[in-house]
Amino acid sequence: WDNLNVHRSADIRDYAAEHDWLTIVQLPSYSPDLNPVEGICSLLRRAVTANIVFADRDHHVRAVRSGLRRI
């Protein structure tokens, strides 16, 4: 996991301790080379959602989906 506080909460630690099949790996806070989704999110932020005020949630979702299709 990364160092986001909700990912380190007592509930998450307890859940992980109770489930032997779950392996948690400590990752740096921002590591696009280890997490390809970071690169995709970066592209979307720069190309799709930058400098736009969305009218509503649906407008935002449509823009992101359109951006994902273009990647």
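The values are calculated or read from the model by the stated rules, or taken from the named source; none is laboratory data. These figures come from a predicted structure and were not determined experimentally. Neighbour counts are summed over all protein chains in view; Cβ atoms, including those assigned to glycine, are modelled from backbone coordinates with ideal geometry.
Taking the condition of a type outside the set (Val, Ile, Thr), within 27 Å of Asn5 (Cβ to Cβ), under 16 Å from the mean Cα position of the chain (by Cα) and modelled with pLDDT of 90 or more, does Arg57 pass? Lay out the reasoning, then the answer.
On the way: of a type outside the set (Val, Ile, Thr): yes; within 27 Å of Asn5 (Cβ to Cβ): yes; under 16 Å from the mean Cα position of the chain (by Cα): no; modelled with pLDDT of 90 or more: yes.
Judged against the criteria, Arg57 is not a match.
Taken as a whole, the condition of being surrounded by 10 or more Cβ atoms within 10 Å (Cβ to Cβ), out of contact with any strand residue (DSSP E or B) (no Cβ under 8 Å at 6 or more places or on another chain) and modelled with pLDDT under 90 applies to Leu34. Look at the range 1-28: where a residue is part of a loop (DSSP other than H, G, I, E, B) and a partner is at pLDDT 75 or above and aromatic (Phe, Trp, Tyr), sitting 6+ places away or on another chain with Cβ atoms under 8 Å, you get Leu22/Tyr15.
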